[in-house]
Amino acid sequence: MLFLQLFWSFLKIGLFTFGGGYAMIALIQSEVTVNHHWLTSQEFTDILAISQMTPGPVGINTATYTGYTAILNAGYDTWLAVFGALLASFAVILLPVVLMVVAVIFLKKMQGNKDNDNIFRVLRMTVVGLIAAAALQLLTVDSFGQPALSLQFLLSVAIFIAVFALALKRVSPILLILSAGVLGILAYTLLPV
């Protein structure tokens, strides 16, 4: 039953998420932490961090790691968790691939149509809103630590602000991830809690 629920959940996520992987994050988080309780918020935040650091689309990576962890957390063995990862990954891309083939055929016929251009203007704004919502949902205690005037919390906020500002200036995401990782390791091992 869990495998069927996992497949259905990620099939819905794949079908109703427009704008790519970052737009999927809010829906995945809602589905796996709130609706089904397959993962804790901390586990989801960790999975999201790993998904962004590994090669490939962040939405599919998140689905893969989530499928694996959800099955493992349910008490199944590692091989069934691997199947859960494959199942979630397949489900999240199945309908978008089918829709993309249909859309390409349709858009080729509608190329240059004014109504078609207007639809895409609205869709672009919608995608920006979905990505912003995903970002706001990640501003949690799990991401920053307990809000207190501790050095660790203040450093987490400072790292967030610095990475945000540097990302706007188009600094390499790899450099930002590595630098923030080193600062995080130093902060949480050297500074008192």
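Every number in this text was worked out from the coordinates using simple rules, so none of it is lab data. Just so it is clear, the model here is predicted, and its values are computed rather than measured. Here the Cβ is made from the backbone with ideal geometry for all residues, glycine too, and neighbour counts use every protein chain on show.
Quick notes
- Val102 paired with Leu166, simple spin-label distance in nm, labels 7 Å along Cα-to-beta-carbon: 4.4
- Neighbourhood net charge (12 Å Cβ-Cβ; Lys/Arg +1, Asp/Glu -1) for Thr66: -3
- Taking trypsin sites (Lys or Arg not before Pro) as exposed when DSSP calls them loop and at most 12 other C-beta atoms lie within 10 angstrom, the chain has its longest site-free stretch at 1-168.
- Inverse of mean 1/r across different Cα pairs in the chain, Kirkwood, Å: 18.5
- 15 Å cut-off, amide nitrogen to a point 7 angstrom out along Asn113 Cα→Cβ, residues in segment 63-106: 102-106
- Thr189-Phe83 pseudo-label distance in nm [points 7 Å out on the Cα-to-Cβ vector]: 3.9
- Scanning the chain for long hydrophobic helices, with DSSP H runs required to stretch 27 angstrom or more by C-alpha along their axis and to average at least 1.0 on the Kyte-Doolittle scale, returns 78-110.
- A full extension of the chain between Leu94 and Gln52 corresponds to an added length of 13.0 nm, given 0.36 nm per residue minus the alpha carbon distance.
- Gyration tensor (alpha-carbon) shape descriptor, segment 73-181, a/c threshold 1.5: oblate
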